[in-house]
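Scroll down for the structure; my scribbles are underneath it.
The values are calculated or read from the model by the stated rules, or taken from the named source; none is laboratory data. In this text, all values refer to a predicted model and were calculated from it rather than measured experimentally. All Cβ positions, glycine included, derive from the backbone under ideal geometry; neighbour counts span all protein chains shown. Heavy atoms of the whole protein, side chains included, go into the accessibility calculation; ligands, DNA and RNA do not. Shrake-Rupley method; radii C 1.70, N 1.55, O 1.52, S 1.80 Å.
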Amino acid sequence: MSGSADASGPLLLEARDLALSYGPTVALRGVSLGVARGEIVALVGPSGSGKSSLLHCLAGLVVPDSGNVFLDGTEVSRLSDDDRTRLRRDRFGFVLQFGHLVPDLTLAENVSLPLLLRGRSRVRALREAHALLDELGVAESAARCPGEVSGGQQQRAAVARALVAGPEVVFADEPTGALDTANGDVVMSLLTERSRERGITVVVVTHDHSRLAAVDRVIRLVDGATAAAA
Ligand SMILES: Nc1ncnc2c1ncn2[C@@H]1O[C@H](COP(=O)(O)OP(=O)(O)OP(=O)(O)O)[C@@H](O)[C@H]1O
Ligand SMILES: [Mg+2]
């Protein structure tokens, strides 16, 4: 595991000199980094250091004030809103701290959503969702809604939803943040192992240093800038 801001191989995802402020608050002050295809990279740093801001810029959810984000050579920050939405839908998967599952849908229906958005039939999407929930150990909860299952089961479903449509990159912002240690470890290993098996690139924000064993590289942020990894 290295602590450099740049990957050693060809880059899938690249940020050049990103700057972002919220009014007077500077969130990112010139961040550059590269992520190779298939690499699993963790973003760490103190609260307020800009981890979520950086993840949102890399994922095309937020356009930086200046600087550029490239995915496979395409400048994400220059795409129209519609094109960025399509990019997120077709090529990215997301896992957030509190699952953000749709409360009125079952876990299986939640997991099938990215497939439906990509045009899969409902029957096929549900079949694929069930298969992945089974693989992630939550088959017995597939027909329940998020409010009827544990936090760990919700986060496994959130991992399934992020992976189900075969994205190129998964962006995860503290995917284990709301879980106890045992459940957090399970969710982090499911996310990293299943992504590695499928060759999916992962950018994961985590506060917890015990979760860094499975990642290839750690990028540390301090006060909106990259710092040498601890
Ligand atoms: N929507 C917002 N409006 C105003 N300021 C914001 C907003 N989002 C983030 N900030 C500020 O930008 C800076 C970076 O925030 P960011 O959320 O990226 O940090 P973080 O490293 O993800 O922190 P945490 O570990 O607490 O999630 C902080 O000073 C934060 O207060
Ligand atoms: Mg954050």
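Probe radius 1.4 Å, ligands and nucleic acids ignored: give me the carbon and sulfur share of the accessible area of the chain as a rounded percent. Don't skip to the answer; put the middle values down first.
Details: 5000 of 10010 Å².
Exposed carbon and sulfur together represent 50 percent of the surface.
Could you give the dipole magnitude of the chain about its Cα centre, charging the beta-carbon of Lys and Arg +1 and that of Asp and Glu -1, in debye to the nearest 20? Don't jump to the answer; show the numbers that get you there.
Details: 24 positive and 28 negative charges, 81 e Å.
Computed about the Cα centre, the dipole is about 400 debye.
For the charge dipole of the chain, defined by +1 on Lys and Arg C-beta atoms and -1 on Asp and Glu C-beta atoms about the Cα centroid, which residue among LEU115, LEU11, VAL202 has the Cα displaced farthest towards the positive pole?
Projecting each Cα onto the dipole axis, the largest value belongs to LEU115.
In terms of modelled amide H atoms, which long-range or inter-chain residues lie less than 5 Å from the amide H of GLY93?
Under 5 Å from the amide H of GLY93: VAL169, VAL170, PHE171.
Using a Förster distance of 41 angstrom, determine the FRET efficiency expected from the C-beta separation of ALA228 and SER21, and round it to 0.05.
Values: r = 24 Å, r/R0 = 0.60.
According to the calculation, E is roughly 0.95.
Taking H placed 1.01 Å from N in the peptide plane, check which residues at least 5 places from VAL138 or on another chain put their amide H under 5 Å from its amide H.
Amide H neighbours of VAL138: none.
Tabulate in residue order the Karplus-calculated ³J(HN,Hα) for region 40-50, using 6.51 cos²θ - 1.76 cosθ + 1.60 with θ = phi - 60°, rounded to whole Hz; enter x for Gly and Pro.
Each residue's phi maps through the Karplus curve to give 10, 10, 9, 9, 10, x, x, 4, x, 7, x Hz.
What is the packing order of peptides 104-115, 174-185, taking the mean over residues of other C-beta atoms within 10 Å and listing the highest first?
Details: 104-115: 22.2, 174-185: 17.8.
For the peptides 104-115, 174-185, the packing ranking is 104-115, 174-185.
List the residues, sorted by chain then number, that are 5 or more residues from ILE40 or on another chain and whose placed amide H is less than 5 Å from its amide H.
Those lying under 5 Å, H to H, from ILE40 are VAL202, ASP216, ARG217.
Considering the zone a paramagnetic label at ASP81 would reach in this model (a point 7 Å from Cα along the Cα-to-Cβ line), which residues of region 10-35 have amide N under 11 Å from it?
none
Towards the positive end of the charge dipole of the chain, with charges on Cβ (+1 Lys, Arg; -1 Asp, Glu), say which of GLY177, THR25, VAL35 has the farthest Cα.
Going by the Cα projections, it comes out as VAL35.
For region 116-203, what is the accessible area per residue in Å² when the probe is 1.4 Å?
42
Show me the ranking of peptides 122-128, 28-34 by mean Cβ neighbours inside 10 Å, starting with the highest. Let's see the in-between values first.
On the way: 122-128: 15.4, 28-34: 19.9.
Averaged packing, sorted descending, gives the order 28-34, 122-128.
Could you give me the ³J(HN,Hα) list for region 5-12, computed from phi with Karplus coefficients 6.51, -1.76, 1.60 and θ = phi - 60°, whole Hz, x at Gly and Pro?
7, 10, 6, 8, x, x, 8, 8
To the nearest 0.05, how large is the calculated FRET efficiency for GLU135 and ARG89 if R₀ is 22 Å and r is the Cβ-Cβ distance? Walk me through the intermediate numbers first.
On the way: r = 23 Å, r/R0 = 1.04.
Efficiency for this residue pair is about 0.45.
If the chain between ALA143 and ASP65 were fully stretched, how many nm would it gain, using 0.36 nm times the residue separation less the Cα-Cα distance? Walk me through the intermediate numbers first.
On the way: separation 78, 0.36 × 78 = 28.08 nm, distance 4.33 nm.
Separation in residues times 0.36 nm, less the Cα-Cα distance, equals 23.7 nm.
Which whole-Hz couplings ³J(HN,Hα) result when phi for each residue of region 149-156 is put into the Karplus expression 6.51 cos²θ - 1.76 cosθ + 1.60, θ = phi - 60°, listed in order with x for Gly and Pro?
These are the phi-based 3J(HN,Hα) values: 10, 6, x, x, 5, 4, 6, 5 Hz.
What is the distance in Å between the Cα centroid of region 203-230 and that of region 154-193?
17
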